[in-house]
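S.K.: I'd like to ask some things about the structure below.
The values are calculated or read from the model by the stated rules, or taken from the named source; none is laboratory data. In this text the structure is predicted, and so the values were computed from the model without any measurement. As a convention, Cβ positions derive from the backbone with ideal geometry for all residues, glycine included, and neighbour counts pool all protein chains shown. What goes into the accessible areas is simple: the full protein's heavy atoms, side chains included, and nothing from ligands, DNA or RNA. Shrake-Rupley method; radii C 1.70, N 1.55, O 1.52, S 1.80 Å.
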Amino acid sequence: MKIALMDSGIGLLAATAAVRRLRPDADLVLSLDPDGMPWGRRTLEDLTQRAVAVADAAVEHRPDALIIGCNTATVHALHTLRARLEPRIPVIGTVPAIKPAAAGGGPVAIWATPATTGSPYQKGLIKDFADGVTVTEVPCFGLAEAVEHADETAIEAAVAAAAALTPEDVTTVVLGCTHYELVADRIRAAVQRPGFPPLVLHGSAEAVAAQALRRLGEQSAPGAEPNGTLTVLLSGREGNLPEAALVYEEGRLLQAISPAR
């Protein structure tokens, strides 16, 4: 089994690590776009073109499924990629985990990029899945970029700024950008209030990995032989994981995988 994941940068690490943990025997293809990142500042047409190019690079390696490991790309390019690749290759998008977060009753905060915060897309998800629950949308200025470059000072400042915008009674935080899952512990520490129950964080990585297996008719097998390989594509060129990826536990997990031959 071969599963490809795509993103402009290292936001796909969380979902990739989740796939690796569920199926250590699966071959992985990571398709990033260092030449075109960040995608969030691009026009819809431009972003879609970049996403198609990155997906096409992954498809050349004949994966059985493709995961879009990016919320922004899912919003803008999922339909295009599905029309282009399915049913031959299932395409799995990444959606903020608002539904399971709201099931806990709230109050809920959704941490997301400024472009996503307040967007019709996110408003629609809140309306569909969190009606009757108190939800605060929190724009996280610069956090994705800081995580992408593993800039510790910038990460600390961005997390602190977003925490200051988060109401004190929030019990649950939705991580509405895949990059944020890489610094989940720091987000938890910044938002957790003394005397309140433990904060609940909802990312998307585990659900996306499980959905990919379901689309393939496969079961999780965490005890399988860890003989899956790793291929990294950088704007279509074979290469290595970006150095910043190795700062994070998820990146170090992937670094230990044998490269494909």
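S.K.: For ASP35 and PHE141, FRET efficiency with R0 = 30 Å and r from the beta-carbon atoms, rounded to 0.05?
M.R.: Details: r = 25 Å, r/R0 = 0.82.
That pair, PHE141 with ASP35, gives E of 0.75.
S.K.: To continue, here is another question. Work out, step by step, the length gained on full extension between ARG193 and ALA103: first 0.36 nm times the residue separation, then minus their alpha carbon distance; give nm to one decimal. Walk me through the numbers on the way to the answer.
M.R.: Values: separation 90, 0.36 × 90 = 32.40 nm, distance 2.12 nm.
Value of the extension gain: 30.3 nm.
S.K.: Given a Förster distance of 35 angstrom, what is the FRET efficiency for ALA83 paired with ASP131, based on the Cβ-Cβ distance and rounded to 0.05? Present the calculation step by step, with values, prior to reporting the outcome.
M.R.: On the way: r = 30 Å, r/R0 = 0.87.
That gives a FRET efficiency of 0.70.
S.K.: Sort PHE196, PHE141 by heavy-atom solvent-accessible area, probe 1.4 angstrom, most to least.
M.R.: Descending accessible area places them as PHE141, PHE196.
S.K.: Run the dipole for the chain about the Cα centre, Lys and Arg Cβ at +1, Asp and Glu Cβ at -1, nothing else charged, and hand back the magnitude in debye, nearest 20.
M.R.: Numbers: 22 positive and 30 negative charges, 124 e Å.
Using only the charged Cβ atoms, the result is roughly 600 debye.
S.K.: Could you order the peptides 176-185, 7-16 from most to least packed, using the average number of other C-beta atoms within 10 Å per residue? All intermediate terms of the calculation are to be shown ahead of the outcome.
M.R.: On the way: 176-185: 23.9, 7-16: 28.6.
Put in order of decreasing packing, that is 7-16, 176-185.
S.K.: Would you calculate, for the chain, the mean residue ellipticity at 222 nm contributed by helices, counting each DSSP H stretch of 4 or more residues as -39,500 (n - 2.57) and dividing by all residues, to the nearest 500? Don't jump to the answer; show the numbers that get you there.
M.R.: Numbers: 10 runs with 102 residues, N = 261.
Per the formula, -11500 deg cm²/dmol.
S.K.: Report, to the nearest 10°, how far helix 152-164 tilts away from the longest principal axis of the Cα atoms in the chain, using its own Cα long axis and a range of 0 to 90°.
M.R.: Tilt of helix 152-164: around 40 degrees.
S.K.: Also, quick follow-up: Hey, quick one: spin label on SER220, modelled 7 Å out along Cα-Cβ, who in the stretch 17-57 has an amide N within reach, i.e. under 19 Å?
M.R.: 17-28
S.K.: If I compute Cα extents along the principal axes in Å from the structure I just sent, which labelled value in (1) 61, 36, 32; (2) 90, 41, 39; (3) 52, 35, 35 lines up?
M.R.: Entry (3).
S.K.: If you take the charge dipole of the chain about its Cα centre, with +1 on Lys and Arg Cβ and -1 on Asp and Glu Cβ, which of PRO38, MET1, VAL200 is farthest toward its positive end?
M.R.: It is MET1, whose Cα lies furthest towards the positive end.
S.K.: Name all residues of the stretch 106-148 having a backbone nitrogen under 19 Å from the label point set 7 Å from the Cα of GLU156 along its Cα→Cβ direction, giving them as ranges.
M.R.: Once the point is set 7 Å along Cα→Cβ of GLU156, 141-148 turn out to lie under 19 Å by backbone N, inside the stretch 106-148.
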